[in-house]
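Encoded as C-alpha cells, the structure appears first; notes follow it.
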Amino acid sequence: MTADNSENGSGAVQANISPNEASVLKFLLDNKGAWIREDQIHIDGIGLRELASSVSWLESKGLIDVNRTEISTFQLTEEGRRFLTEGLPEERAYYLILSRKHVAVPDLMKELGETDGKIALAQLAKLGIKPRNGVLSADGAPLLDDEFRKRKSFLNSLAAGSGDMPADMINHFRKRENVIQERKRISRSLRINESGVKAVSASVSTGNLLGEITPDIIASARWKTSGFQPYDLNSRVEKILGSGVHPITYLSRMVKEIFLELGFSEMPGHYIEYAAWNMDALFIPQDHPARDMQDTFYLDTEGKPEMEHPEIMDVLSRVHEKGIRGYNGWGYRWSRDKASQLLLRTHTTVSTIRYLYEHPEPPQAVFSVEKVFRHESVDWKHLAELNQIEGAYYGKDASLASLKWLMREFYSRLGFTDLKFIPSYYPYTEPSMDVVGTINGKEMELGGSGVFRPEVTKPLGLKVPVIAWGLGLERLAMIYFGLSDIREIYQSDLDWLRTYRLRV
Ligand code: PHE
C-alpha cells in the first residue's frame, strides 16, 4: 500500500497523479462515474499504450474500480483463408453435384482431393446430403445457396477483421477443425471511485505537478514554481516484452558452447560448394540417388569461380575408378563434369572434409552449426533448409567407442540421456551409426555418424582415423522445446516465441 491510497480527508495533494492519469480521471468523472470499456475512452494526446498504462497506475493507486472480462476474438487459419479463395469444400462439392446430377464418392475425392473431399462429405451429410450406394445425388437436395453465402460472408468478415459475428456461425466454425482460431483477451471496464473523485478535485485545486520535463517547462521556468511528481517505487508497471533471441539461435549457441568446452574449434564453410567436395571427396558414387536433382539444388554453372584445390580432381578420379591399395573403388567412368557442378551444400560434412584436407596434421577437433539445403518435401519432421551440428575428431585414438562416448557426452550436457545407437549406412563411413532420441514416446532420428572410410581419408593424405557426425539442430529443438511438428520452429508464432523468449 502506498501513501497515495490514504484518504486523510484534509484535501492533501494527491502528489502522484500524472497529467495523463488526471485526464483519464476527468474523463471518467465526466462520464458520471458509470462503467466504461477501456476501448471506448478517447482522450486527445493519449494513445492506447499510455491509456493502458494510466489505467493500471490508477487501479494500483486505488482511484478507479476495474472489472475484467474475457472476450474472444477469431481469426482465419491458413486453411480458412484457402477456403475463402477456393470456396468451401462442401460448397464446391454441392455445385459439382448439381451440375452433374450424380457424383460417385471416389470421383468427388478425385475432384477435391482427399482432405477437402472428406470435409465436403462430412459437411454435406449435416446439411442433409448423404451418399446412397456410394453416389451423391442432386435429386431432392435442399437449397443451400443462402447457407453457403452466410458461411462465406462470415469468413470474409473475419478476414477483414470487422463486420457481423453471428453466434450461429461462430458455433458452426468452432466445431469444424482448423478453419478459425480463437484468441482470448481480457477487456477492462472502469469507473472512477470516491478516492478518484477526491484526487481529481485535489489536482485541480493545486494545479498539476510536473511529470515529464518538456522544453516548454524549461523555457517558461515553470519548474521554479511548480512541484515535481515524486517517484512511486511501489507502483505496478506494465510488463514490457522486449526482444530476445530466437529459440533456434539460443539452442545453436548452447551447442557451440558445449563443443568449445569439449576442446573443439569452430570450422568455416560455404553455402555453395563443388559437387567434388560435397560428394566425390566423400566417396559418394556419381550415380548415387542423393545426387539427383530430386534431392539436391544445383546452381547455374555460368560464371563459375575457379575451384580451390583443383589438384584433387585427379585424385578423386583415381579413387572412384580404381580404388586404393586394398580397396576396389566403384569401377565406373568418373565424370569430371559431374564433379564440377556447383550446388547448395546438402550437408556440412563437406566443411569437415575440406577442413581436414587443408589441415592434414592430426590431431584436429572441429565442429560447426550451419545451414544446409535439401530438395525435400517439408513435413512434420523434414525441412528443406535446416541446420546441422557437424563435427569431427581426427586422431590416432579416434574409434567407434570414442564416437559413442562423445555423442552421449554431448547430448547429456543438454539434458538428454535417453539415446540409442543403431547401425546405419553412409558411403563415406564404415562403420556408420545413427543417433536416435525419444520425443513424446516416439523415437526420432537425430543424425548420422561414423568412422571415415580409408577411401575418403587416404587419398586426401589423412594418416589416422577420423570420426565424424552430422546431427539435426531442428530435430534436437523438437525434443528440447517439446514440439510435435518441426515447422512450428519457423512459423514465427509470437505466443510461442514469447513462451520461449530466452535471454542469453
Ligand atoms: N552427412 C550425414 C547427413 O547429412 C551425417 C553424417 C555425418 C554421417 C558424418 C556420417 C558422418 O545426414
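The values are calculated or read from the model by the stated rules, or taken from the named source; none is laboratory data. Everything numeric here is computed off the predicted structure, so don't read it as measured data. Cβ placement follows ideal geometry from the backbone for every residue including glycine, while neighbour counts extend to all protein chains displayed.
Of note:
- Pairs with Cβ under 6 Å, 6+ apart, first in segment 453-479 and under 18 Å from N278 (Cβ atoms) and in contact (Cβ under 8 Å) with a residue 60 or more places away in the chain, second outside any loop (DSSP other than H, G, I, E, B) and away from the ligand (no atom under 16 Å from the Cβ): E455/V319; E455/Y327; P459/V315; P459/V319
- Test for G395: is it in contact (Cβ under 8 Å) with a residue 24 or more places away in the chain, within 14 Å of the ligand (Cβ to nearest atom) and of a type in the set (G, A, S): no
- Scanning segment 337-369 for residues that are more than 12 Å from the ligand (Cβ to nearest atom) and within 27 Å of the chain's Cα centre (by Cα) yields L343, L344, V369.
- Selection status of Y428, touching a Phe, Trp or Tyr at 6+ places or on another chain (Cβ under 6 Å), within 14 Å of the ligand (Cβ to nearest atom), within 18 Å of L462 (Cβ to Cβ) and of a type outside the set (D, E, K, R): yes
- Check on N20, touching a helix residue (DSSP H, G or I) at 6+ places or on another chain (Cβ under 7 Å), under 27 Å from L233 (Cα atoms) and either part of a helix (DSSP H, G or I) or at pLDDT 95 or above (or both): yes
- Residue match in segment 421-436 (condition: over 30 Å from V315 (Cβ atoms), surrounded by fewer than 21 Cβ atoms within 10 Å (Cβ to Cβ) and not hydrophobic (A, V, I, L, M, F, W, C)): no
- Every condition in (1) part of a helix (DSSP H, G or I); (2) within 41 Å of the chain's Cα centre (by Cα); (3) of a type in the set (K, R) is met by K304 except one, and the failing one is (1).
- Subset of segment 132-180 (residues that are assigned to a helix (DSSP H, G or I) and acidic (D, E)): D145, D146, E147, D168
- Where a residue in segment 243-266 is under 12 Å from R413 (Cβ atoms) and its partner, wherever it lies, is part of a helix (DSSP H, G or I) and aliphatic (A, V, I, L, M), with Cβ under 9 Å and at least six apart: V255/L473; V255/L476; L262/L406
- Members of segment 406-417 found to be within 16 Å of the ligand (Cβ to nearest atom) and within 23 Å of I489 (Cβ to Cβ), listed by number: M407, F410, Y411
- Residue within segment 295-314 that is over 19 Å from G450 (Cα atoms), surrounded by fewer than 19 Cβ atoms within 10 Å (Cβ to Cβ) and in contact (Cβ under 8 Å) with a residue 60 or more places away in the chain present: yes
- One residue alone among L386, L403 is within 11 Å of the ligand (Cβ to nearest atom), surrounded by 15 or more Cβ atoms within 10 Å (Cβ to Cβ) and farther than 27 Å from K463 by Cβ, and that residue is L386.
- Boolean, T206 is at pLDDT 90 or above and more than 29 Å from R68 (Cα to Cα): no
- Here segment 228-271 is the region considered, the condition is being at pLDDT below 95 and either acidic (D, E) or in a strand (DSSP E or B) (or both), and the residue that is nearest to the chain's Cα centre (by Cα) is V245.
- The strands (runs of 3 or more DSSP E) found entirely in segment 400-503 that carry 1 or more residues being touching a Lys or Arg at 6+ places or on another chain (Cβ under 8 Å) are 420-426, 429-439, 442-452.
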